[in-house]
Amino acid sequence: MLSADRPALEAVGLERAYGHVRAVSGVHLSLGAGEVLVVLGPNGAGKTTLLRLLAGLIKPSAGEVRIAGQKLRASEPESRRPIGFLSHHSLLYDDLTILENLTFAARLYGLARPEHKAHEALAGFGLADRLRDLPRDLSRGLEQRVAIARALIHDPAVLLLDEPFTGLDTGSAQLLRTLLRERCLGGRAVVLVTHHPDEAWDLATRVGVLRAGQWALLEPRGASLEQFVSRYQELARG
Amino acid sequence: MNVDPIRAQILIRRGWRITLAALLALAVVVTLAQRFTPTEVRQGLAQKIFYIHAPSAWCAFLAVGLTGLASILYLWLGDQHFDRFAATSAEVGTIFCAVVLTTGPIWGKPIWGTWWTWDARLSLTLFLFFLLLGYQVLRSAIRVPTERARLSAVVGIMAMVLVPFIHLSVYLFRGLHPTPIVLKPSAPSLDPEMLRTLLISFAAFTLLYVGLVTLAYGIRLAQEAEEQGHA
Amino acid sequence: MVESLRLALAIAAKDLRAELRSRTSFLSAAMFAALLLVVFNFARDPTAVATIDLAPGILWVTVAFAAVVAMNRGFAVERENHAFDGLLLAPVSREVLFLGKYLANLTFVLLVEVIALPLFVLFFNVDLSQALPGLVATLLLATAGLVSVGTLFSAIVVRTRFAELMLPVLLLPFMVPPLVFAVQITMRLLTGRALSEVAGGLRLLVLYDVAFITVSLLLFSAVVDE
């Protein structure tokens with residue numbers, strides 16, 4: 001379905017200004033299927049803005065985002081199809097059951113037999129016995145599983161994660177890491193924004209550090225977390 | 001995008017000059033209206049306020065129309081100048097509306113016997129006032145400049161589309177109510193001296209609009225330049 | 001084209017299902033309408049002014065205010081858990097999104113009117129035997145226009161600080177023309193005039209609807225796309 005010779009996810013000269021402030025400026029990116037880019041940076045560095053630009057939730061002031069060579073455009077709904085997005089917000093409706101939530105998502109993506117698909121997706125994440133539950137009745141960890149199921153229901157080629165570990169205790173974070181590694185990331189182009197280098201280190205194939213809207217660092221992931229952390233702390237200070 | 005503080009000052013000075021010229025012209029109009037224009041036979045002195053009211057209502061109209069047009073241009077071309085102009089035009093329009101809505105009753109009470117009449121022009125001005133106020137209230141409630149510009153542009157365009165419908169409603173409404181015993185100022189018959197005063201008044205008010213917008217735009221630009229300097 | 005309609009209906013259905021579960025907004029709006037009608041009744045002196053002179057105005061003011069209360073929920077529900085991002089991420093056009101929200105709001109406000117109308121008849125002792133078809137047509141047409149502006153504006157105000165206050169402030173001037181036209185029509189219908197006599201007013205309502213449904217639809221993407 002996706003052309004093999006084009007990068008799965010590309011950003012070319014991406015810029016986003018808010019009045020005089022440049023939240024993101026001159027960002028380039030090229031990611032292939034199976035690559036996982038972990039993006040770090042201090043508060044206000046532009047990480048969330050970058051992710052939302054990649055998701056098509058914000059329009060760039062300049063530059064473009066391409067998915068398998070196709071330009072992402074707000075006016076072209078189909079260009080958004082290959083994107084999956086996971087936030088620390090669940091994107092779920094509290095007054096609908098989790099089955100209804102996923103069925104609705106399946107419908108939005110034009111999937112055949114939406115209710116069946118929703119059932120399958122939830123069962124796949126161990127939620128088959130809680131289909132009639134409302135999101136607010138679930139623990140944070142379970143709610144996040146539903147959110148993941150929702151993000152992946154249409155089998156996206158690109159997966160974007162916005163600080164998924166926020167608000168999770170160590171145990172849940174570990175569970176999430178395992179879940180992501182085993183079930184979610186394979187074969188997709190993934191960008192994961194996070195605050196702490198150690199949270200997603202094992203998952204990364206590449207690391208990037210954003211500072212004042214620009215790459216301060218963008219390279220394949222090295223072997224040593226400690227070395228990276230000291231470099232990262234320097235960058236964050238300087 | 002860099003804001004030029006020098007240009008701001010030039011605009012402010014120019015704005016002052018045009019405004020003063022306009023105020024001068026207005027003084028001429030008032031004198032003409034008082035002394036040198038014949039009084040209308042049926043309505044008497046009350047009719048003279050028409051020379052002030054009709055043109056100010058026209059300026060309020062102009063302000064809404066230009067805000068709407070600037071809003072369209074902003075959404076289409078993305079240039080911040082249009083947003084600034086739209087906001088400025090709305091501010092000036094609000095002032096014109098407020099002037100009409102306060103001078104009307106103040107002038108009118110001793111002459112007409114009532115504070116308010118639902119005369120078509122006054123009603124229309126009242127609605128324009130609410131529209132322009134709403135536009136500015138919305139602007140004040142949004143912090144992010146790009147979002148503020150975008151959302152108020154949408155409201156500006158909607159307001160412009162609404163105006164003809166308000167016009168229809170006002171005239172429809174007036175059709176239901178018989179003219180009150182005490183007459184309201186209306187368009188005089190085309191006595192050449194009355195027409196002359198009216199036309200000069202229109203010109204003076206339009207000039208006033210241009211002057212105030214230039215001045216206010218310059219002030220806004222200067223404020224932005226200062227903020228940028230501090231950033 | 002069919003697919004777009006189906007998507008819009010799915011979005012509307014989702015809204016209605018969510019609302020049916022919680023019922024808060026619907027009950028508030030319906031109760032608000034009922035209370036307004038009661039208050040209006042006590043705020044008048046039936047011996048001084050004939051009911052028939054006041055009734056159309058009272059009906060339409062009630063409809064207008066209840067509609068604003070009803071539409072406040074529209075985008076608020078999308079704010080929890082940032083659910084609106086889910087809609088914006090999907091391969092669905094902004095116009096279809098608007099249509100879905102519009103249909104949900106329309107259904108909603110019409111349901112409130114279905115409750116308000118019998119109460120109106122009851123409290124004000126109005127004879128609707130002749131007027132009913134015309135009145136229903138007027139309600140449909142006026143509501144169609146009001147809801148389009150309301151849907152667009154509620155998408156705007158949801159991002160501001162005092163959304164519940166901001167919506168009526170922005171919306172009320174836009175409600176005046178359909179209210180004026182509708183009151184005119186209702187007045188004629190209640191005094192036993194034929195449907196043909198209100199054709200002009202109905203045409204004005206249609207004009208308003210066409211203008212504002214179109215413009216709201218076109219401007220929606222400017223509101224939701226950052």
Flag for B:Leu162 being surrounded by 20 or more Cβ atoms within 10 Å (Cβ to Cβ) and in contact with a Lys or Arg (Cβ under 9 Å, 6 or more places away or on another chain): no
Number of positions in the stretch C:44-92 that are within 17 Å of C:Ser28 (Cβ to Cβ) and in contact with a Lys or Arg (Cβ under 9 Å, 6 or more places away or on another chain): 2
Unmet criterion (only one of (1) facing chain B (nearest Cβ under 7 Å); (2) farther than 25 Å from C:Leu97 by Cα; (3) surrounded by fewer than 21 Cβ atoms within 10 Å (Cβ to Cβ)) for C:Val169: (2)
Residue list for the stretch A:8-51, restricted to those being over 18 Å from the mean Cα position of the chain (by Cα), assigned to a strand (DSSP E or B) and surrounded by fewer than 23 Cβ atoms within 10 Å (Cβ to Cβ): A:Val12, A:Gly13, A:Glu15, A:Ala17, A:Tyr18, A:Val21, A:Arg22, A:Ala23, A:Ser25, A:Gly26
Residue match in the stretch B:80-100 (condition: surrounded by fewer than 18 Cβ atoms within 10 Å (Cβ to Cβ) and among the acidic types (Asp, Glu)): no
Top-ranked residue in the stretch A:69-83 [being more than 7 Å from chain C (Cβ to nearest Cβ), in contact with a helix residue (DSSP H, G or I) (Cβ under 7 Å, 6 or more places away or on another chain) and charged (D, E, K, R); ranked as surrounded by the most Cβ atoms within 10 Å (Cβ to Cβ)]: A:Arg73
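The rows are residues; the columns are (1) buried (at least 18 other Cβ atoms within 10 Å of the Cβ); (2) of a type outside the set (Phe, Trp, Tyr); (3) within 14 Å of chain A (Cβ to nearest Cβ).
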{"site": "C:Glu113", "(1), (2), (3)": "yes, yes, no"}
{"site": "C:Phe120", "(1), (2), (3)": "yes, no, no"}
{"site": "C:Gly145", "(1), (2), (3)": "yes, yes, no"}
{"site": "C:Glu164", "(1), (2), (3)": "no, yes, no"}
Pair list, Cβ under 8 Å, 6 or more apart: the stretch B:206-230 residue away from chain A (no Cβ under 14 Å), other residue buried (at least 18 other Cβ atoms within 10 Å of the Cβ) and acidic (Asp, Glu): B:Ala216/B:Glu91
Search result, residues across the stretch B:107-159 that are surrounded by 18 or more Cβ atoms within 10 Å (Cβ to Cβ), polar (S, T, N, Q) and assigned to a helix (DSSP H, G or I): B:Ser123, B:Thr125, B:Thr146, B:Ser152
Restricting the stretch C:122-143 to residues that are polar (S, T, N, Q), touching a helix residue (DSSP H, G or I) at 6+ places or on another chain (Cβ under 8 Å) and surrounded by fewer than 21 Cβ atoms within 10 Å (Cβ to Cβ), the residue that is nearest to C:Tyr208 (Cα to Cα): C:Gln130
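Quick one: which residue in A:Ala17, A:Ala62 is closer than 30 Å to B:Val3 by Cβ, of a type in the set (Gly, Ala, Ser) and in contact with an Asp or Glu (Cβ under 7 Å, 6 or more places away or on another chain)?
The unique qualifying residue is A:Ala62.
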Residues of the stretch A:27-48 that turn out to be in contact with a helix residue (DSSP H, G or I) (Cβ under 9 Å, 6 or more places away or on another chain) and closer than 12 Å to A:Pro7 by Cβ, as a count: 1
Qualifying residues in the stretch C:65-84 (those that are in contact with a Ser or Thr (Cβ under 7 Å, 6 or more places away or on another chain) and at the interface with chain A (Cβ under 7 Å from one of its Cβ atoms)) - the one surrounded by the most Cβ atoms within 10 Å (Cβ to Cβ): C:Asn81
Residues of the stretch B:1-29 satisfying the condition of being among the β-branched types (Val, Ile, Thr) and in a helix (DSSP H, G or I): B:Ile6, B:Ile10, B:Ile12, B:Ile18, B:Thr19, B:Val28, B:Val29
Failed condition for C:Ala48, given (1) modelled with pLDDT of 85 or more; (2) over 21 Å from the mean Cα position of the chain (by Cα): (1)
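Determine which member of the set C:Thr47, C:Thr24 is of a type outside the set (D, E, K, R) and closer than 20 Å to C:Asp127 by Cα. If you could, list the steps in order and put the result at the bottom.
On the way: C:Thr24 fails: closer than 20 Å to C:Asp127 by Cα.
Sole residue among the options that is of a type outside the set (D, E, K, R) and closer than 20 Å to C:Asp127 by Cα: C:Thr47.
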Out of A:Ala55, A:Ala11, A:Ala45, sole residue that is at pLDDT below 90 and touching a Leu at 6+ places or on another chain (Cβ under 6 Å): A:Ala45
Residues of the stretch A:84-118 that turn out to be more than 9 Å from every other protein chain (Cβ to nearest Cβ) and among the small types (Gly, Ala, Ser), as a count: 3
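Report, by residue number, each residue of the stretch A:17-30 that is over 25 Å from A:Arg177 (Cα atoms) and more than 14 Å from chain B (Cβ to nearest Cβ).
Answer for the stretch A:17-30, where residues must be over 25 Å from A:Arg177 (Cα atoms) and more than 14 Å from chain B (Cβ to nearest Cβ): A:Gly26, A:Val27, A:His28.
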Whichever residue in the stretch A:116-168 is among the charged types (D, E, K, R) and over 13 Å from A:Asn101 (Cβ atoms) and, among such residues, is modelled with the lowest pLDDT: A:Arg140
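Could you run through the stretch C:189-201 and say how many residues are away from chain B (no Cβ under 11 Å) and in a helix (DSSP H, G or I)?
Step one: list which residues in the stretch C:189-201 are away from chain B (no Cβ under 11 Å), which gives C:189-199.
Filter once more, keeping what is in a helix (DSSP H, G or I): C:189-190, C:195-199.
Qualifying residue count for the region: 7.
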Residue in the stretch A:31-39 that is farther than 12 Å from A:Leu9 by Cβ, more than 14 Å from chain C (Cβ to nearest Cβ) and in contact with a Lys or Arg (Cβ under 9 Å, 6 or more places away or on another chain) present: yes
Conditions (1) closer than 30 Å to B:Glu224 by Cα; (2) within 10 Å of another protein chain (Cβ to nearest Cβ); number of the one not met by A:Leu14: (2)
Wholly enclosed helices (runs of 4 or more DSSP H) of the stretch A:84-179 bearing at least 2 residues surrounded by fewer than 22 Cβ atoms within 10 Å (Cβ to Cβ) and in contact (Cβ under 8 Å) with a residue 24 or more places away in the chain: A:114-124, A:140-152, A:170-179
Within the stretch B:92-129, tally of residues that are at pLDDT 75 or above, in contact with a Leu (Cβ under 8 Å, 6 or more places away or on another chain) and farther than 22 Å from B:Phe173 by Cβ: 4
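The values are calculated or read from the model by the stated rules, or taken from the named source; none is laboratory data. Computed from a predicted model, the values in this text were never measured in an experiment. Quick reminder, even Gly has a Cβ in these numbers, built from the backbone with ideal geometry, and neighbours come from all protein chains shown.
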